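To start, the structure under review is shown below, and the notes come after it.
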Amino acid sequence: DTGVSQDPRHKITKRGQNVTFRCDPISEHNRLYWYRQTLGQGPEFLTYFQNEAQLEKSRLLSDRFSAERPKGSFSTLEIQRTEQGDSAMYLCASSSGLFSYNEQFFGPGTRLTVL
Amino acid sequence: GDSVTQMEGPVTLSEEAFLTINCTYTATGYPSLFWYVQYPGEGLQLLLKATKADDKGSNKGFEATYRKETTSFHLEKGSVQVSDSAVYFCALLNAGGTSYGKLTFGQGTILTVHP
């Protein structure tokens, strides 16, 4: 299966700790998105990469959040000094092609629990 | 800004019943509209889409028509199965302006189908 993969699938951490998540998009997909989903809500956009360039960030992405996509392949999302409000499912999606409305393929997500 | 509103859930139906999940949206320009489905323990999957007014998206017996005059994209299925039990998300993608294809989701509707 060559779908979008995310690691880890679950992360439990204590408040104040730093965490890092990884996303491997579908090979050759140039577009990569991060979303956050809290319980009972739909996913909310966090940030977008086109190849290695981070082109859009949501105001939800506070200074404690940073994302990278070196060489335009996998991406990492780091949260520094985690807070209980950061507890959520973090979803990664990728798509390809020239058109922004091309289908986004989602990974299984990383569930973060901050104690 | 853009927003999507789905009918309140959860929705509980008997097998072979008719399904409607309402979705309305607010957006500038001409967004593309999507229904995503999340089966238990799995990631988000695209169910169907429509990219312009009066388009009908269809897949696996589900249908939705892009109604610009009522800003709606209601999901319907004539005869649901137990295997359709999942969470359904309506979403829009506004490719205009500086948007790079981020999806704006509704809050999701939980569907449970009993035998």
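Can residue B:66 be described as among the aromatic types (Phe, Trp, Tyr) and either in contact (Cβ under 8 Å) with a residue 60 or more places away in the chain or within 30 Å of residue A:7 (Cβ to Cβ) (or both)? Can you show your working first?
Details: among the aromatic types (Phe, Trp, Tyr): yes; either in contact (Cβ under 8 Å) with a residue 60 or more places away in the chain or within 30 Å of residue A:7 (Cβ to Cβ) (or both): no.
It is false that residue B:66 is among the aromatic types (Phe, Trp, Tyr) and either in contact (Cβ under 8 Å) with a residue 60 or more places away in the chain or within 30 Å of residue A:7 (Cβ to Cβ) (or both).
If you check B:91, B:64, B:95, which single one turns out to be outside any loop (DSSP other than H, G, I, E, B), within 24 Å of residue A:50 (Cα to Cα) and aliphatic (A, V, I, L, M)?
Numbers: B:64 fails: within 24 Å of residue A:50 (Cα to Cα); B:95 fails: outside any loop (DSSP other than H, G, I, E, B).
Matching residue, one of B:91, B:64, B:95: B:91.
Between B:28, B:71, which is β-branched (Val, Ile, Thr), surrounded by 14 or more Cβ atoms within 10 Å (Cβ to Cβ) and away from every other protein chain (no Cβ under 14 Å)?
Values: B:28 fails: surrounded by 14 or more Cβ atoms within 10 Å (Cβ to Cβ).
Among B:28, B:71, only B:71 is β-branched (Val, Ile, Thr), surrounded by 14 or more Cβ atoms within 10 Å (Cβ to Cβ) and away from every other protein chain (no Cβ under 14 Å).
Could we say that residue A:113 is within 21 Å of residue B:92 (Cα to Cα) and in contact (Cβ under 8 Å) with a residue 40 or more places away in the chain here? Lay out the reasoning, then the answer.
Details: within 21 Å of residue B:92 (Cα to Cα): no; in contact (Cβ under 8 Å) with a residue 40 or more places away in the chain: yes.
No: the conditions fail for residue A:113.
Do we find that residue A:103 is acidic (Asp, Glu) and within 11 Å of chain B (Cβ to nearest Cβ) in this structure?
yes
I need the full set of residues from segment A:44-75 which are of a type outside the set (Lys, Arg), part of a loop (DSSP other than H, G, I, E, B) and over 18 Å from residue B:2 (Cβ atoms), in order please. Quick ask: steps written out before the conclusion?
We begin by selecting, within segment A:44-75, every residue of a type outside the set (Lys, Arg); these are A:44-56, A:58, A:60-63, A:65-68, A:70, A:72-75.
Imposing the further condition that a residue be part of a loop (DSSP other than H, G, I, E, B) reduces the set to A:51-52, A:58, A:60-63, A:73-74.
A:51, A:52, A:62, A:63, A:73, A:74, listed by residue number.
Please verify whether residue B:8 is within 14 Å of chain A (Cβ to nearest Cβ), over 21 Å from residue A:104 (Cα atoms) and surrounded by fewer than 17 Cβ atoms within 10 Å (Cβ to Cβ), treating the condition exactly as stated. Don't jump to the end; show me each part of the working.
On the way: within 14 Å of chain A (Cβ to nearest Cβ): yes; over 21 Å from residue A:104 (Cα atoms): yes; surrounded by fewer than 17 Cβ atoms within 10 Å (Cβ to Cβ): yes.
Answer is yes for this residue.
Which ones in segment B:74-115 are of a type outside the set (Val, Ile, Thr), surrounded by fewer than 21 Cβ atoms within 10 Å (Cβ to Cβ) and over 18 Å from residue B:62 (Cβ atoms)?
B:95, B:96, B:97, B:99, B:100, B:107, B:114, B:115 - these are the residues of segment B:74-115 that are of a type outside the set (Val, Ile, Thr), surrounded by fewer than 21 Cβ atoms within 10 Å (Cβ to Cβ) and over 18 Å from residue B:62 (Cβ atoms).
For residue A:41, which of the numbered conditions (1) over 20 Å from residue B:93 (Cα atoms); (2) without any contact (Cβ under 8 Å) to a residue 40 or more places away in the chain; (3) part of a loop (DSSP other than H, G, I, E, B) fails to hold?
That leaves (1) as the condition not met.
Do we find that residue A:78 is of a type in the set (Asp, Glu), outside any loop (DSSP other than H, G, I, E, B) and surrounded by fewer than 18 Cβ atoms within 10 Å (Cβ to Cβ) in this structure? I'd like the intermediate steps shown before the answer.
Values: of a type in the set (Asp, Glu): yes; outside any loop (DSSP other than H, G, I, E, B): yes; surrounded by fewer than 18 Cβ atoms within 10 Å (Cβ to Cβ): yes.
So residue A:78 fits the description; yes.
Test each condition in (1) in contact with a Lys or Arg (Cβ under 8 Å, 6 or more places away or on another chain); (2) within 14 Å of chain B (Cβ to nearest Cβ); (3) touching a residue at least 24 places away in the same chain (Cβ under 8 Å) for residue A:93 and report the one that comes out false.
Just one mismatch for residue A:93, condition (1).
How about segment B:67-80: which of its residues are in a loop (DSSP other than H, G, I, E, B) and in contact with an Asp or Glu (Cβ under 6 Å, 6 or more places away or on another chain)? Walk me through it before giving the result.
Initially, segment B:67-80 is screened for residues in a loop (DSSP other than H, G, I, E, B), giving B:68-71, B:73-74, B:78-80.
Of everything in segment B:67-80, just one residue is in a loop (DSSP other than H, G, I, E, B) and in contact with an Asp or Glu (Cβ under 6 Å, 6 or more places away or on another chain), namely B:79.
When you look at residue B:76, is it modelled with pLDDT under 95 and of a type in the set (Asp, Glu), yes or no? Spell out the reasoning first.
Numbers: modelled with pLDDT under 95: no; of a type in the set (Asp, Glu): yes.
Here the answer is no, as residue B:76 does not meet what is asked.
Within segment A:39-65, work out how many residues are of a type outside the set (A, V, I, L, M), exposed (fewer than 15 other Cβ atoms within 10 Å of the Cβ) and away from chain B (no Cβ under 11 Å).
Number satisfying all stated conditions: 5.
The values are calculated or read from the model by the stated rules, or taken from the named source; none is laboratory data. These numbers were taken from a predicted model, which means no experiment stands behind them. Because the Cβ atoms are built from the backbone with ideal geometry, glycine has one as well, and the counts that use them run over all protein chains shown.
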